[in-house]
Structure formats: structure tokens, C-alpha cells
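K.L.:
Questions regarding the structure given below will be posed in turn.
The numbers here are math on the coordinates, done by the rules we state, and not lab data. What you see is a predicted model; the values in this text were computed from it and never measured. Glycine also receives a Cβ, built like all others from the backbone with ideal geometry; neighbour counts cover every protein chain displayed.
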Amino acid sequence: MEKLATARVRTGVLLLLLSLSHVEGAPKKNPISFKHYNFTTKIDHFSYRNDDTFQLRYVVGDEHWNRKGGPIFFYAGNEAPVEAFIYNTGPEYTAYLTSEQALADYADLLTWIKNNTPGASKSKVVSFGGSYGAMLSTWFRMKYPHIVTAYVAFSTITAVRARTRLLNCSV
């Protein structure tokens, strides 16, 4: 029965994606323009001993966003080799490369965006991602439900862990 439900969801998503690609008036060849920004946030969100900050780079595509409270879709990223972070920041900061710190970065960023972007203060946030990003989206909703209204997780193992009670819900 569970396989059937999963197949139905996959079919529904596939049909939705295919049908959206044929919507009248949908852009054919004009890609959405993205803007790159930096946001200053703490390196360590959980200690009072470290006041260091870093520039978190983020990308915004708001060309078609409803500026009167339309939803904010937040992509939580995916896994990447950690070596690039170590080479850029130094080995003394590797202890801060945790999912908990990443979630706190996301919370700071989205709170700032909602407070400083005209029309965003009442926007609902939908976090999404695949694989590691799906796990982050799931945990983000669990730990910060006052920020994230909903999440979509593709190819994640959190459902299996939750069923076997291996997932620490306080993440």
C-alpha cells in the first residue's frame, strides 16, 4: 500500500510539472534573472564566547514574486565537498560546519528577509530540497516552525529514521 501511495505522489508531481510546462504565457526561453547578495551572520549561533561573523551568500529570484505577501520558496541546498569550505575558512572553523549551525543561519537569513523586504513580512515560507537539503528542510520545519510553514523533501532518509526513532527531533 505504501508503494502505491508513493507511486501516486510521483505521478502527481510528474503530471504537475509536465502540465506547468505547457501553461499559456509561461516563459519559453527567458530564464529568470537571479540576484546575488551577502548576509552577515554569526559563525557560532549557540555560544556567547565567539562573536565572529561571516558573509553568507544567497540568491534571490523575485521577478515573478507576488510582493503583497506571496510565499517565499527557500531552497536548502544539497551536499557538497567540505574541502572547499575548509580551504576558504581554515581548519579552526570546521567545528561550526554542522546542520544545527546551518539551520540557525537559515533562520537568521529568513527572519532578516521577512523584516527587510517590502511585502514579505506576512509571507509564508516553504523550504525544499533533495537528499541532504531535504533533511535540512525537514529539520528546519521541526526546529523553526515559527519561520517555516511547510517543507517538501525529495530523496531523504528522515522518514525511515523517524519511523525507527533514530532521528533526534531536537536537532
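K.L.:
Report the label-to-label distance for Asn115 and His64 in nanometres (one decimal), using points 7 Å from each Cα along the Cα→Cβ vector.
P.N.:
Going from the Asn115 label point to the His64 one covers 3.2 nm.
K.L.:
Return the percentage of antiparallel bridges among DSSP beta bridges fully within segment 27-163, rounded to the nearest 5 %. If you can, show how the numbers build up before the last one.
P.N.:
Details: 8 of 17 bridges.
Once the DSSP bridges in segment 27-163 are tallied, antiparallel ones form about 45 percent.
K.L.:
How much length would be gained if the chain were fully extended between Val152 and Arg57, taking 0.36 nm per residue of separation minus their Cα-Cα distance, in nm to one decimal?
P.N.:
Values: separation 95, 0.36 × 95 = 34.20 nm, distance 2.25 nm.
Result: 32.0 nm gained on full extension.
K.L.:
Here's something else I'd like to know. Would you mind calculating the gained length between Glu100 and Ala80 on full extension (0.36 nm times residue separation, minus the Cα-Cα distance), in nm to one decimal?
P.N.:
Between Glu100 and Ala80, full extension yields an extra 5.5 nm.
K.L.:
When Lys and Arg each count +1 and Asp and Glu each count -1, what net charge do the other residues less than 10 Å away from Thr117, Cβ to Cβ, add up to? Before the final figure, lay out the partial values.
P.N.:
Numbers: positive: Arg67, Lys114; negative: Asp62.
Result for the neighbourhood of Thr117: +1.
K.L.:
Within 10 Å of each residue's Cβ, count the other Cβ atoms and sort Val59, Val148 from fewest upward.
P.N.:
So the residues, fewest neighbours to most, are Val59, Val148.
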